[in-house]
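Read through the structure below, which is laid out as structure tokens, and then see the notes.
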């Protein structure tokens, strides 16, 4: 999930250009490197938050198997990550990355670090869990402890048989400061994995851009829904977003689960990204109308696994 601090500009219905100038220039040949015409509309349909719940996993596994999404990412610290690792071992071609996690946002359903607590104390709230939002992370997290934790998450995934295709960041937390973002870049480069390159507004955005290598994969556009999208226009709004896609490398982030008792309990009091929201996302990306829109707008679906080959 990408949340407030990653930036108000990501709460959108239609694509927003994330990078300009040098970053756009370095991306102009991605389509050709993948064997497509230079003006192609490439789209990653990305399912976030695997591992949070059984409901989340079952919905996400279904769309991965049926190719309704092209990639997904998993949260290693969450209770149902073991289920994701099992799926990854039995589906070695599934495009699953890691949704590197430093926050725990739900009121009554919490998780904490993979690394030993005494090694990452700056990441902990007073109850020993991750902070619930990004502000305290920006204020308290020590970059060296962030590095310990994200390395622990990657190593646990590898030990359990999930070999990630990419790295991204839950709630955008790894982009809250340039010092923390530099840890993501460093670790991604060490593991030779593409990662979610993010630009924030203003001076902080400029500082983040300085950390991105010319060889890194940079998204041209990122699409995710605002909380104020009318529930009755959900699929229609996704179709409008597809119709608005521009040439380049695009990513559409969705959060998929079933509106069942498990998800309602986990997300109680949080209609934004709650159980009903996730069911609507699932219904939209599996709908015939959405699939037809992809065809009619000549969208080429790609995944991080394909992009991964460009950074090896």
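Here are some notes:
- Segment 20-139: C-alpha gyration tensor shape, a/c 1.5 cut-off, then a/b vs b/c: oblate
- Structural descriptor for segment 4-308: relative contact order 29 percent, calculated from alpha carbon pairs under 8 angstrom and at least 6 residues apart.
- Packing here is the average count of other Cβ atoms within 10 Å per residue, and on that basis the peptides 259-271, 54-66, highest first, run 54-66, 259-271.
- Residues of segment 211-246 with amide N under 20 Å of the 7 Å Cα→Cβ point at residue 192: 213-218
- Comparing Cα centroids, segment 72-137 and segment 218-237 end up 25 angstrom apart.
- Rounded if a/c under 1.5, otherwise prolate or oblate - segment 62-125, Cα gyration tensor axes: prolate
- Restricting attention to the chain, close to 10% of DSSP beta bridges with both partner residues there are antiparallel.
- When the square roots of the Cα gyration tensor eigenvalues are ordered a ≥ b ≥ c, the ratio a/c for the chain is under 1.5, which makes its shape rounded.
- GNM result for the chain, Cα springs below 10 Å: residue of 50, 34, 167 fluctuating most strongly: 34
- Among 37, 227, 194: highest mean-square fluctuation, GNM of the chain, C-alpha pairs under 10 Å: 37
FYI, it's all coordinate maths here, none of it is from the lab. Please read all numbers here as calculations on a predicted model, not as lab measurements. Ideal geometry is used to build each Cβ from the backbone, glycine not excepted, and the neighbour counts take in all protein chains shown.
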